[in-house]
Amino acid sequence: MGKLKAAITGVHAWVPEYVLDNKELEKMVDTSDEWITTRSGIRERRILKGEGQGTSVIGENVVKGLLEKTGTKPEEIDLLIVSTVTPDYAFPATANIISDKCGLKN
């Protein structure tokens, strides 16, 4: 049996279009841009809008973009590892949901 190998062959990222900045957040809660920025460094965050929008939506877009970028077919992927503290559900695993949405069957 030959050596098993794993390799990073590409990197891709995706963020939702909607931007929630601190100025908009000031209108929702009793805070200020200055208070948030000095304590966290955060000026804006990307938010998924609409029903059924969870971590798997981000993962799906990343995986599909990565497959296209690297010219990889879904059936060539042996394993998808997802690490998150914000899963869509407790079960099934977010990796399973993304795999299904992207046609990763192995």
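Tabulated values for the structure
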item: DSSP loop GluC sites (Glu not before Pro) with at most 16 other Cβ within 10 Å: longest gap in the chain; result: 52-106
item: Solvent-accessible heavy-atom area per residue, rounded to whole Å², over the chain at 1.4 Å; result: 78 Å²
item: Accessible surface of the chain [probe 1.4 Å, protein heavy atoms]: carbon and sulfur percent; result: 55 percent
item: Asn106/Trp14 FRET efficiency (R0 25 Å; Cβ-Cβ; nearest 0.05); result: 0.65
item: Lysine pair number, Cα distance threshold 25 Å (strictly under), the stretch 1-72, separation 8 or more or different chains; result: 5
item: Accessible area of Lys49 in the full protein assembly, 1.4 Å probe (Å², nearest 10); result: 130 Å²
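The values are calculated or read from the model by the stated rules, or taken from the named source; none is laboratory data. All of these numbers come straight from a predicted model, not from anything done at the bench. Positions of Cβ are generated from backbone atoms using ideal geometry, with glycine treated the same way; all protein chains shown enter the neighbour counts. Note: areas computed on protein heavy atoms with side chains; ligands, DNA, RNA excluded. Shrake-Rupley method; radii C 1.70, N 1.55, O 1.52, S 1.80 Å.
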